[in-house]
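Presented below is the structure to which this report refers.
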Amino acid sequence: KKGGYPHYMIKEIYEQPLALKSTFEGLISDETIIEAADLISKKDKIFIAAAGTSYHAGLVTKYFIEKITGRAVYTFISSEYKNIEYLVDNDTAIIVISQSGETIDTIKAMRSSKNRGGVIFAITNVIGSTIGREANYVVPMRAGPEIGVAATKTFLTQVLVGSMLAVNLGKSIGKINETEYNQMINTLSYSPNIVGSSISMTEGIMKKLPERFSSKNSIYFLGRGLGVPLAYEAALKMKEITYIHAEAYPAGESKHGPIALIEKDFPVFFVVTKDTYEEIASNIAEMNARDAYTIALASEEKLENLQPRLTITVPKVDLLLEPYSLIPPIQLLSYYTAVVRGLDPDKPRNLAKTVTVE
Ligand code: F6R
């Protein structure tokens, strides 16, 4: 059943190129995403509601929609939605993201938005789910079934759907022309290959690294820009399956409190995306000065400016492709750390694959 792998989680990490290929081919096989983008572009407000890993995919989607279209996107954690639902009207598009399509908090956010006249655009892996059935537009992720409780391939396929939506919105709004549009879609078609090369570039070190800090009590993940949601996802994965306390912050925010915890050899991971090298370099220096064990996940580009104690090199890619180069080593890190700690990564304690209670 596990196809020769010891756990579903590692099987699903390795399945990502295939999953992304089927997501991409599905997206270009019909007009769903084009029609959805046309509709969303006509709305005054764009909201995103999701939980857990799907919320992090929502933050990545927000980043790309804002970057490409210049329009503001508001993201909400589903369980907090009731505090803002009064903001929804019939000029609001709500993007709900849910792997299972059955997360009760996200279902509630969807229903209350619909009642207020909002148009619901769902990104889900299960089209027959409650969310799949009740949304106005459904874009399937086509990741295939995910058995491991920790979301892996479903995260990157959500990110791909969100990025394709951002590119289509850019075209609908008139922010990008036909040539730019075709270039961006073509770029995204390489997402499966990037995941594949990122895994092969980093798996050796990610197998060894956990031994060094599997006994640590705490880890920080820091990033800037697109690196922030990727850092959030890294910390969630780490907490879920290794039970090590992991926190993520925008790197610049770490000075405003979190740095107080730093002592000798405290592991601090930097998720380094394009255009953040210079500022991240100074955050690394601050952490080095306090003897933290600094690790940078970065492409070779301008690497000499960063001075971490350890660099994990990922493929150098276009901004649109950075999630596919930076996320695989993060997934491998939490997987191998769980294994070193003698835990079953497929069955983390206290967690269910689908959360149907509030
Ligand atoms: C994390 C994880 C959870 C889910 C969250 C939302 O690895 O699996 O945080 O992402 O419960 O679930 P869906 O996407 O099914 O709504």
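The values are calculated or read from the model by the stated rules, or taken from the named source; none is laboratory data. As the structure is a prediction and not an experimental result, all values here were calculated from the model. Cβ: placed from backbone, ideal geometry, glycine included. Neighbour counts: every protein chain shown. Side chains are part of the model used for accessible areas, which takes the heavy atoms of the whole protein and leaves out ligands, DNA and RNA. Shrake-Rupley method; radii C 1.70, N 1.55, O 1.52, S 1.80 Å.
Listed values, structure above:
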read-out: Gyration tensor (alpha-carbon) shape descriptor, the range 53-205, a/c threshold 1.5; value: oblate
read-out: Protection proxy ranking of 23-35, 60-72 - average other beta-carbon atoms within 10 Å, highest first; value: 60-72, 23-35
read-out: Within straight-line cross-link reach of LYS114, lysines at Cα separation under 20 Å, skipping those fewer than 8 residues along the same chain; value: LYS42, LYS43, LYS45, LYS82
read-out: Cα gyration tensor, the range 118-203 - rounded (a/c under 1.5), prolate or oblate; value: oblate
read-out: Point-to-point label distance, ASP291-LYS347, nm (Cα→Cβ direction, 7 Å offset); value: 4.2 nm
read-out: 20 Å Cα-Cα reach of LYS274 towards lysines, excluding residues that sit fewer than 8 places from it in its own chain; value: LYS62, LYS67, LYS302, LYS316
read-out: Principal axis dimensions, largest first and in whole angstrom, of the range 248-358 by Cα; value: 44, 35, 31
read-out: Projected area, mean over directions - the chain, Cα convex hull, nm²; value: 16.9 nm²
read-out: GLU278 paired with ASN90, simple spin-label distance in nm, labels 7 Å along Cα-to-beta-carbon; value: 4.9 nm
read-out: Carbon plus sulfur fraction of accessible area for the range 88-186, probe 1.4 Å, in percent; value: 46 percent
read-out: Chain lengthening between ILE28 and GLU304 when straightened (0.36 nm per residue, less Cα-Cα); value: 95.4 nm
read-out: Calculated P(r) tail over 13 Å for the range 304-347, as whole % of Cα pairs; value: 66 percent
read-out: Long-range tail of P(r) for the range 167-238 (Cα pairs > 21 Å, %); value: 53 percent
read-out: Inter-centroid distance (Cα atoms) of the range 151-191 relative to the range 34-59, Å; value: 13 Å
read-out: Inter-part distance where the range 117-136 and the range 10-27 are each reduced to a Cα centre, Å; value: 21 Å
read-out: Ordering of 41-47, 1-7 by packing [mean C-beta count within 10 Å, highest first]; value: 41-47, 1-7
read-out: Cα shape, the range 25-109, gyration tensor, a/c 1.5 rule; value: oblate
read-out: Inter-probe distance in nm under a simple model that places probes 7 Å from Cα toward Cβ, at VAL357 and SER218; value: 3.1 nm
read-out: Highest to lowest packing among 269-278, 93-102, 335-344, scored as the average C-beta count within 10 Å; value: 93-102, 269-278, 335-344
